[in-house]
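Chemist: Here it is, the structure, as structure tokens.
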């Protein structure tokens, strides 16, 4: 099991939990945590034992509060480079990794921390947590993909409202507008999330990966392209071991045992 | 140990590079075997189309650098390794490159030497020769420019950057992008389809398309016209046009 300076990385029964572990600073991203997250995601993608990823923050106050502003205070640094080098690869890998990723929003998710949450495939949020496109409050703009994720999840008007006002979004509102899939009280969140993760970890992982790939593509394609694309993807899915197992189990009236390939 | 693996089915042949341990780096021996294989297949009647491929990870990640690194200019001139590639141009049957993973440097040039390219989503094309102190030497400045235009050819050749399969499709370098798991099946389907067309017409049509880059419009049109008229000596022309008039499927004789 790989170890990281600023992250906890635990794999149990196919569920990998990556915990952003800087609770004293609301799990803000410093250079080390950006590096650790990129490395952890690379590891998760490579390891066939990982069938579902859960990303969370340490403690109960924060998921992730975004870039650690104190780290570079006083020095001139290029935000362009920081995004190119650290955040964009992270978001790209999360979107392209062909395994389900659940964001367990156990506390405040702000700035790039919110972008990371939005880059997940599914989100479960604590009723005590808040989402904030906080960038505007210091004269910046959303980054790490928020401009892309937000309007697709909540439509233009709400996306603009959140980004331009930088106001807090409660769990109830987040669920209502479709920013998160589930909400739960703080003491239930982990249970709810791990139940979902556990069942995804026992599901046909390859086909879930193909769904992710095709849905990603569908967001930027027309119907004809996706109809054509599905013909290939379904053929590939039909050649998976899990399809044979699924079909056999159905005919034999028993529960399928999916291996994830 | 053969560096080229060949299989035949349904009227076409699949020619696969076999140096997976070095991402199919194209050394002189592989290119020799490749050219000999293609010339042999060009003569075999049960082959009407050829698919050229590597493996899922790499089509070919370039020429074999170790082989040439210490050569002098005179040695390179005498060896003239790229002249061998001219023989690929002379192959009369259509060649489809099935590209997955890396097609860089010589790999990209080889893909462009083929007549069509079917690529996996994971395919990456590039001419990174600039990064090792040289430039493309096997068509990377000539075929690329004709395919994608000056600005993009300059971008690839001068920065050495890699382009994705989708970019290559948009820029006109390749024909189709399909999911990674399916790229070879797709290329085989294309090959099977072309293998079902009348072979004499296929060869003359390919020849004409290639002529378009080498000659004036007038010269090209005359060449095309002569090829068109020559086809009237083929039995398949008579059968094709007769079947059309009789509203039935043609049965090709292959001559």
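No lab work stands behind these numbers, since they all come straight from the coordinates. Computed from a predicted model, the values in this text were never measured in an experiment. Glycine also receives a Cβ, built like all others from the backbone with ideal geometry; neighbour counts cover every protein chain displayed.
Chemist: By average Cβ neighbour count within 10 Å, what is the ranking of A:239-250, A:184-195 from highest down?
Modeler: A:184-195, A:239-250
Chemist: Now for a separate question. Please determine, in degrees from 0 to 90 and to the nearest 10, the orientation of helix B:235-245 with respect to the longest principal axis defined by the Cα atoms of chain B, where the helix direction is its Cα long axis.
Modeler: Value to nearest ten degrees: 60.
Chemist: Something else now. How large is log10 of I(q)/I(0) for segment A:46-94 at q = 0.17, 0.20 Å⁻¹ when the intensity is taken from the Debye formula with one equal scatterer per alpha-carbon?
Modeler: Summing over Cα pairs of segment A:46-94 leads to -0.78, -0.95.
Chemist: Let me ask another. Within a 10 angstrom radius of the beta carbon, how do A:158, A:254, A:56 rank from fewest other beta carbons to most? Intermediate results must be reported in sequence, preceding the final value.
Modeler: Working: A:158 17, A:254 9, A:56 25.
In increasing order of surrounding Cβ atoms, one gets A:254, A:158, A:56.
Chemist: Now, a different point. Taking the mean number of other Cβ atoms within 10 Å as a proxy for protection, how do you rank B:121-132, B:226-237 from highest to lowest?
Modeler: Going by the mean number of other Cβ atoms within 10 Å, highest first, we get B:121-132, B:226-237.
Chemist: Determine the distance separating the Cα centre of segment A:172-213 from the Cα centre of segment B:50-109; give it in Å without decimals.
Modeler: Between the Cα centre of segment A:172-213 and that of segment B:50-109, the gap is 48 Å.
Chemist: Take the Cα gyration tensor of chain A, multiply each eigenvalue by 5, square-root it, and list the three semi-axes largest first, rounded to whole angstrom.
Modeler: With the √(5λ) rule applied to chain A, the semi-axes are 32, 21, 18 Å.
Chemist: Also, I was wondering about something else. To check you understand DSSP bridge types, tell me what percent of the beta bridges within chain B (both residues inside) are antiparallel, rounded to 5.
Modeler: So the antiparallel bridges in chain B amount to around 25 percent.
Chemist: For chain B, what does the alpha-carbon gyration tensor say about shape, rounded, prolate or oblate, given a ≥ b ≥ c as the root eigenvalues, a/c under 1.5 as rounded, and a/b over b/c as prolate?
Modeler: prolate
Chemist: Which of A:225, A:170, A:214 ends up with the largest GNM mean-square fluctuation for chain A, with Cα atoms connected below 10 Å?
Modeler: Between A:225, A:170, A:214, it is A:225 that shows the largest mean-square fluctuation.
Chemist: Let me ask another. Angle, helix B:150-159 long axis vs. longest principal axis of chain B, Cα atoms, 0 to 90°, nearest 10?
Modeler: Roughly 30 degrees between the two axes.
Chemist: Across the residues of B:173-184, average count of Cβ atoms on other protein chains within 10 Å?
Modeler: 3
Chemist: For a quick check: sort B:34, A:114 by the number of other beta carbons within 10 angstrom, fewest at the front.
Modeler: B:34, A:114
Chemist: Ignore the peptide's own chain and count Cβ atoms of other chains within 10 Å of each Cβ in A:141-148; give me the average, rounded.
Modeler: 0
Chemist: Can you tell me what share of the DSSP beta bridges in segment A:7-201 is antiparallel? A percent to the nearest 5 is fine.
Modeler: So the antiparallel bridges in segment A:7-201 amount to around 30 percent.
Chemist: How far is helix A:146-165 tilted, in degrees, relative to the longest principal axis of the Cα atoms in chain A, given as a value from 0 to 90 rounded to the nearest 10?
Modeler: 20 degrees
Chemist: For the protein assembly as shown, count all C-alpha to C-alpha pairs, find those more than 42 Å apart, and express that count as a whole percent of the total.
Modeler: 35 percent
Chemist: Another one. Can you give the Rg and Dmax of segment B:199-245 based on its C-alpha atoms, in angstrom?
Modeler: Spelled out, the Cα radius of gyration and Dmax of segment B:199-245 are 12.0, 36 Å.
Chemist: Could you sort A:159-166, B:210-217, A:117-124, A:135-142 so that the peptide with the highest average Cβ count within 10 Å comes first and the rest follow in order?
Modeler: Packing order, densest peptide first, comes out as A:117-124, A:159-166, A:135-142, B:210-217.
Chemist: Quick one: B:46, B:64, fewest Cβ neighbours within 10 Å first, how do they rank?
Modeler: B:46, B:64
Chemist: Hey, in the GNM for chain A with a 10 angstrom Cα cutoff, which one of A:224, A:13, A:68 fluctuates hardest?
Modeler: Of the options given, A:224 has the highest mean-square fluctuation.
Chemist: If you don't mind, there's one more thing I want to ask. Can you tell me what share of the DSSP beta bridges in the protein assembly as shown is antiparallel? A percent to the nearest 5 is fine.
Modeler: Of the beta bridges lying entirely in the protein assembly as shown, close to 30 percent run antiparallel.
Chemist: Per DSSP helix of 4 or more residues, -39500 (n - 2.57); summed, then divided by the residues of the protein assembly as shown. What does that give at 222 nm, rounded to the nearest 500?
Modeler: Rounded to the nearest 500, the figure is -13500 deg cm²/dmol.
Chemist: With the cut-off at 1.5 for a/c, could you classify segment A:144-209 from its C-alpha gyration tensor as rounded, prolate or oblate?
Modeler: oblate
Chemist: I've got another one for you. Separation of segment A:215-261 and segment B:129-162 by C-alpha centroid, Å?
Modeler: Segment A:215-261 and segment B:129-162 have Cα centres spaced 39 Å from each other.
Chemist: Sticking with this structure for a sec: Pick out which of B:150, B:192, B:57 has the largest mean-square fluctuation in a Gaussian network model of chain B, springs linking Cα atoms closer than 10 Å.
Modeler: Highest fluctuation among the options: B:150.
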